[in-house]
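Below you'll find the structure, written out as structure tokens, and then a few comments.
Here, each number is a calculation from the coordinates, and none is a lab measurement. For clarity, every value in this text was computed on a predicted model and none was experimentally measured. A quick note on method: Cβ atoms are made from the backbone with ideal geometry, for glycine too, and the neighbour counts reach across all protein chains shown.
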Amino acid sequence: MSNDGYDSFSTGTDFQKLVWRELMGIPLGETRTYKEIARSIGRPNSARAVANACSKNPFAPEVPCHRVIRSDGKIGGYSGPGGVSQKREILESEGVRLGESEIDDEYGERGH
């Protein structure tokens, strides 16, 4: 799926839409941190706002908020169907290797 299908989201704030478009650019099998996403959209001090935008993503998993993790390497939360355990399964099915230390039921940076 390309970013083109999500150029005009039907819902969300301008900031959320900016974040969701950026998520569409994360390649299969890769992850980014909330901080990396914040920097890439030109809002380097907005990691928590990025995490909040991820948590409000109604298009998961097509808009891959599951590919965004905490800066400490922990998996973070997931508001999509199945919660954190589903996020882990999706990431592993995409080829992302996660260690046991990355299992985290807490929101950490309040992100998903």
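Using θ = phi - 60° and the Karplus curve 6.51 cos²θ - 1.76 cosθ + 1.60, what whole-Hz ³J(HN,Hα) does each residue of segment 55-64 get, with Gly and Pro shown as x?
Residue by residue, segment 55-64 yields 5, 9, 5, x, 9, 5, x, 4, 8, x Hz.
Would you work out the charge dipole size for segment 3-102 about its Cα centre, treating the Cβ of every Lys and Arg as +1 and the Cβ of every Asp and Glu as -1, and quote it to the nearest 20 debye? It would help to have the intermediate numbers written out before the result.
On the way: 14 positive and 13 negative charges, 82 e Å.
Dipole about the Cα centre, nearest 20: 400 debye.
Around R32, which amide H atoms from residues at least 5 apart in sequence, or from another chain, sit under 5 Å from its own amide H, with H modelled in the peptide plane?
V68, I69
Quick one: 3J(HN,Hα) in Hz for segment 66-79, Karplus 6.51/-1.76/1.60 with θ = phi - 60°, rounded, Gly and Pro as x.
5, 8, 10, 10, 6, 5, 7, x, 6, 5, x, x, 7, 8
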